[in-house]
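See structure below.
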Amino acid sequence: MAVSTIKERIRRDIHTVWEAVLAVDHYGAWRSDLKKAEVINEKQFVEYAKNEYATTFTVTAIEPYKRWEFDMENSSMKGHWIGLFASKGNDTEIEFTEHVTPKKWFMKPFVKSYLKKQQAQFVLDLKKALEK
């Protein structure tokens, strides 16, 4: 299993950051790595990469403006994501941790670097979206 954490301070209030991160149905508008995201129900959503590769997410915990967790799975991996949110005055501190197990043995050496790249892109895209 690979574990990767990213921690950043975003120059927006916690309500704005929380709402942007949890508005899954809007991901296609600001995430550079996705074609679209579909909400299945209040506990599940599916993200489609630019190449249509689908990943299913199942929400396992939610504490408004504090914590959001979900399990994730596709044909290549399964894992768990934990998002922590903390108000720092007019800013928000986020800490996102992913625990991922590849389903294919040959992917094992690349998982951690892939996660770090994905996390950095998500945060960069989020910051850009919040600047608008």
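The values are calculated or read from the model by the stated rules, or taken from the named source; none is laboratory data. Quick caveat, the model's predicted, so the values are computed rather than measured. Glycine gets a Cβ as well: all are built from the backbone with ideal geometry, and neighbour counts include every protein chain shown. The protein model used for the area step is the full one, side chains on, heavy atoms only, and it has no ligands, DNA or RNA in it. Shrake-Rupley method; radii C 1.70, N 1.55, O 1.52, S 1.80 Å.
Quick notes
- Karplus (6.51, -1.76, 1.60) ³J(HN,Hα), θ = phi - 60°, over region 69-83, in Hz, Gly and Pro reported as x: 10, 7, 8, 9, 7, 8, 6, 9, 7, 9, x, 9, 10, 10, x
- In this label model, Lys128 and Ala20 are separated by 1.2 nm, measuring between points 7 Å along each Cα→Cβ vector.
- Convex hull of region 33-78 built on C-alpha atoms - directionally averaged projected area, nm²: 3.6
- Ordering of 92-99, 124-131 by packing is 92-99, 124-131, highest average first (other Cβ atoms within 10 Å, averaged per residue).
- Amide N of region 70-104 lying under 13 Å from the label point, which is placed 7 angstrom from the Cα of Asp13 along Cα→Cβ: 87-92
- For region 1-85, lysine pairs separated by 8 or more sequence positions, or belonging to different chains, with Cα-Cα distances below 18 Å total 5.
- 3J(HN,Hα) couplings calculated from phi for region 41-56 with the Karplus curve 6.51 cos²θ - 1.76 cosθ + 1.60 (θ = phi - 60°) are, in sequence order, 7, 5, 10, 9, 8, 10, 9, 10, 5, 4, 8, 6, 5, 9, 10, 9 Hz; Gly and Pro show x.
- Surface accessible to a 1.4 Å probe, Leu84 within the full protein complex, Å²: 60
- Its DSSP H runs of at least 4 residues, each contributing -39,500 (n - 2.57), put the calculated 222 nm mean residue ellipticity of the chain at -8000 deg cm²/dmol, to the nearest 500.
- Label-to-label distance for Glu95 and Gln118 is 2.1 nm, based on points extended 7 Å past Cα in the beta-carbon direction.
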